[in-house]
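Written below as structure tokens is the structure these notes are about.
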Amino acid sequence: MQKEYKTVAAEASAEFEEKKSRFIASVKPVTSEEEAVAFVNSLKSRYWNATHNVYAYYICSDSILQKFSDDGEPSGTAGLPVLEAVKKLMVQDIAVVVTRYFGGTLLGAAGLVRAYGKSAAMGIEAAGIIRRQLCVRMDIILEYAMLGKVQSILGAKRYLINETSYGQDVQISCSIPVDEYELFVSELTEATNARVLLSEGGKEYITERRNGSV
């Protein structure tokens, strides 16, 4: 599994006009080819009367899956520039559809490459680029007397606290970046004189917050 990657936060769109041709970029985060194809087909239905519905998707799971279509534009002038925009911004698990309504003026091959690449980049920026980090879920069980110290350590590390339960003891569920997990366990054990019970859960991707924490 990748330790971290960039993708888009949500479905979004952006548009601009070039020599009276209207370009509309629609972007969505996807995790499978089925999702990507469904998104592409939905845009083809929505913009059924458009001159072209160019698309590209780039999905990285166990292997890299990438596909693009010029949808009738000259070969290499539409779908490939959209895919290249995705790669230039270093995002993955994404589908992009760029819809064109022809305005009557030919753009030429170079003009098409620029227009489709620009449109895709605008759509991706509108969707919001986020970083997702692979983390280990951890449950910390502790006495109330240790709560302040453990909360202080977690706060200093800016780790994501998923839930805190108060019963006979306190249970804190948090997410720790995989690269920092062993060191954190060691630090927490030493700081509390091993008076906490630690339970490791599964791995999951967590979206990085704006301040750089997870």
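The values are calculated or read from the model by the stated rules, or taken from the named source; none is laboratory data. Source: prediction; values computed, not measured. As a convention, Cβ positions derive from the backbone with ideal geometry for all residues, glycine included, and neighbour counts pool all protein chains shown.
Worth a mention:
- Filter result for G72 (part of a loop (DSSP other than H, G, I, E, B), under 16 Å from H52 (Cα atoms) and touching a Ser or Thr at 6+ places or on another chain (Cβ under 7 Å)): no
- Residues of the range 47-68 satisfying the condition of being under 16 Å from the mean Cα position of the chain (by Cα), among the hydroxyl-bearing types (S, T, Y) and in a strand (DSSP E or B): Y57, Y58
- Residue identified as in contact with a helix residue (DSSP H, G or I) (Cβ under 6 Å, 6 or more places away or on another chain), at pLDDT 95 or above and among the polar types (S, T, N, Q) among T77, T7: T77
- Cross-chain or 6+ apart pairs with Cβ under 7 Å, the range 32-45 first and assigned by TED's automatic domain parsing to the domain that holds Y57, then charged (D, E, K, R) and surrounded by 22 or more Cβ atoms within 10 Å (Cβ to Cβ): F39/K28
- Test for A121: is it out of contact with any strand residue (DSSP E or B) (no Cβ under 7 Å at 6 or more places or on another chain), crowded, with 18+ Cβ neighbours inside 10 Å and among the small types (G, A, S): yes
- Complete set of residues in the range 191-201 that are surrounded by fewer than 16 Cβ atoms within 10 Å (Cβ to Cβ) and either of a type in the set (A, V, I, L, M, F, W, C) or not assigned by TED's automatic domain parsing to the domain that holds D139 (or both): A191, A194, L197, L198
- Of the residues V196, V97, the single one that is closer than 22 Å to Y55 by Cβ and not acidic (D, E) is V97.
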